[in-house]
Amino acid sequence: MLFAPMPQELRQTSYRTGKYAALLSWSLRFADVATIATAGVVAWWLRFTNVEVSLVYQRHIAMAVLLALPVLSLSKIYRSWRGQGLFAELPAMAGAFGLIFGLTIAYAVALKIPVNLSRLWWGMWFLGTLAGGAASRMFVRRVASLVREAGLDVRTAVMVGSGKDAQRIVDALHRQRSAGIQVLGWFDAQGQGDAMPDTPRLGDLGQLAAYVQIHHVSQVWVTLPMSAERDIARILDVLAHSTADIKFVPDLLGLQLLNHSVEQIAGLPVINLRESPFDGDARLLKALEDRVLATLILLLIAPVLAAIAVGVKLSSPGPVLFRQRRHGLDGKIIEVWKFRSMRVHKEAHGTITQARKGDSRVTKFGAFLRRTSLDELPQFFNVLQGTMSIVGPRPHAVEHNHQYMGQVELYMQRHRVKPGITGWAQVNGLRGETDTLDKMERRVAADLFYLQHWSLALDLRIVAMTVFNGFRGEHAY
C-alpha cells in the first residue's frame, strides 16, 4: 500500500464537515435576534418595574428586530471561528449591534415620535444585548468544542515541510482539539526535512496530490520559508486539480508585511492561498437562495414539466428523464437529471459523445428542448436535493473532466462550488459543444470569474439574463 489508510472514524465523519458549523451558525443567528427582543423587554422591566411593555416601546423593539435581519446577515460575524479566540470576535459583534441600534434611533427621529423614550432604557437595552450576544457565543463555542472533541466535525490536514515551525503548528492543533483539525502527516518538499516525533512522513511532493485525492484531505498547510517561492509554486501546481484548501503559514520575519491577509486558526497566523468562495455566511446565503428560488420556480413551471414529459414520451421510446454521472462539489460524483432529448442508444465504455449539429440521435422534440434549454428544467429537483445550485459552473460529463483537467489550467477549481443549472459562461454565449480546446478554456475562464466575483447580486443578474437571453443558443443542439 502506497499510503497509510485514513483512520476509520475520520472517513465516517469527514463528510459531515460544514453541516455542524452551519447548524451552529444558524443557532447563533436566531439567538442574536432573540437576544435583541428579550433584552428590550428585560430593560423595560428593570426601568419601569412593569411587565406590560408600552406600545411605543414595543414598536421600537420590533423595528430593531426587523433591522437585525438584514444587518446581521450582511455582517461577517458568523464566519467560521474555528480556533479563533472569543475576544477577537466581540468587537465585530458590538459593531453590528451598534449599527442596529443606531438605525433604530434614526427611525424614531425620522418619524418624529412625540413620546420621549427613556435614555436609561436605551442604555440598558444595548448593554443587555451585548451581554446576551457574548453569552450566546460562549455557549455556542462550547458546544462546537464538544462536537469537535467528539470527532463529529473534524477536518483533515497534511503539512508540507517539517522542522520547528511545522512541529509548532502540529502541537498547537493537537492541543486545541476544539479547532477540529486532525493532522495526518507531512510531506517533504525540499528533500531534507527533519523528522517530527509522532507525525508520520507521508512522502514527497510527487506523492502529495495523490494522497490528498485518495484520502479526501480538507486542508494542506504549507510551512516552508517565505523565500521558497519555487517550492510554493510547485505545490500549487501539483494541487491544481485538488479542491483542498491550501494554507500558507509565514515565518515570523514576514508577519508584519502580511498582516492584512493573515487569518487566525488555533492561535496561528495563516494565509489562505486558495479557498472556496462559499464558506460560513456565504454558504448559508447560497443554500437559502437555492432552496427558495427552486421551490418557487417548480411551483410555477409544474404544468410545463408535465407537458414536456408527455412530449418526450411521444417523441421516441424510452424513459422521460435522462440521468448522467457528473462531478459535483469537491469533485464528488452526482447524478444530474435532464429531459431525454435523444433516442435511446449505447455509448462505448468510458466515452461520451457530445451532440453535434444535425446529430441523428437527437429527436425533433429533443432538438427544440436543447435549443431552448428546457431539457435542463428537471435539475431544479437536483437543487432541492442539494447536489446542484441554480447558478454555478455547468457540470460536465465525468469523461470530459478526465480529458480536460490535464489540458486546461485550473480546470478542476470550478468544482469548489456546486454545479449550476445556469452560469456566467452560459449567459455569455459559452454553451453547447466544446469541439476545440479554446472553447473549453474560455468556458473555464468564465467559471473562474464567477468564483472570484460571486455575490447574491451577481446570481440574481445571471438568473435574469438566463430568463431573457439564456434560453436561446445557436451553439446548443
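The values are calculated or read from the model by the stated rules, or taken from the named source; none is laboratory data. None of the values given here were measured: they were computed from a predicted structure. Reconstructed Cβ throughout: ideal geometry from the backbone, glycine too, with neighbour counts over all protein chains shown.
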Inset, instruction - List every residue pair whose Cβ atoms lie under 9 Å apart, where the two residues are 6 or more positions apart in sequence or sit on different chains, the first residue falls within region 355-366 and is under 14 Å from Val344 (Cα atoms), and the second residue, located anywhere, is polar (S, T, N, Q) and modelled with pLDDT under 80. - result: Asp359/Thr353; Arg361/Thr353
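Could you tell me which of the residues Ala172, Ala150, Ala96, Ala157 is in contact with a helix residue (DSSP H, G or I) (Cβ under 8 Å, 6 or more places away or on another chain), small (Gly, Ala, Ser) and closer than 23 Å to Gly267 by Cβ?
Ala157
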Inset, instruction - Give Val310, Val304 a once-over and let me know the one that is of a type in the set (Val, Ile, Thr), touching a helix residue (DSSP H, G or I) at 6+ places or on another chain (Cβ under 9 Å), modelled with pLDDT of 90 or more and not in a loop (DSSP other than H, G, I, E, B). - result: Val304
Inset, instruction - Can you give me the number of residues within region 144-159 that are aliphatic (A, V, I, L, M) and within 22 Å of the chain's Cα centre (by Cα)? - result: 6
Legend entry - Whichever residue in region 327-375 is surrounded by 14 or more Cβ atoms within 10 Å (Cβ to Cβ) and within 30 Å of Arg274 (Cβ to Cβ) and, among such residues, is modelled with the lowest pLDDT: Ile352
Legend entry - Failed item in (1) closer than 30 Å to Arg142 by Cα; (2) modelled with pLDDT of 80 or more, with Asp188 passing the rest: (1)
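Residue-by-condition table, conditions (1) over 27 Å from Glu149 (Cβ atoms); (2) modelled with pLDDT under 75; (3) in the same structural domain as Ala131 (by TED's automatic domain parsing); (4) in a loop (DSSP other than H, G, I, E, B):
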{"site": "Ala22", "(1), (2), (3), (4)": "no, yes, yes, no"}
{"site": "Trp45", "(1), (2), (3), (4)": "yes, no, yes, no"}
{"site": "Ala64", "(1), (2), (3), (4)": "yes, no, yes, no"}
{"site": "Leu69", "(1), (2), (3), (4)": "yes, no, yes, no"}
{"site": "Ser73", "(1), (2), (3), (4)": "yes, no, yes, no"}
{"site": "Arg82", "(1), (2), (3), (4)": "no, yes, yes, yes"}
Inset, instruction - Scan region 229-267 for residues that are modelled with pLDDT under 80 and more than 23 Å from the chain's Cα centre (by Cα) and report the count. - result: 11
Inset, instruction - List the helices (runs of 4 or more DSSP H) that sit entirely inside region 387-463 and contain at least 1 residues that are surrounded by fewer than 17 Cβ atoms within 10 Å (Cβ to Cβ) and under 16 Å from the mean Cα position of the chain (by Cα). - result: 437-453
Inset, instruction - May I ask you to say which residue of Val158, Val109, Val147, Val143 is closer than 30 Å to Thr199 by Cα, modelled with pLDDT of 75 or more, assigned to a helix (DSSP H, G or I) and β-branched (Val, Ile, Thr)? - result: Val143
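Which ones in region 130-185 are of a type in the set (Val, Ile, Thr) and crowded, with 16+ Cβ neighbours inside 10 Å?
Val140, Val147, Val154, Thr156, Val158, Val160, Ile169, Val170, Ile181, Val183
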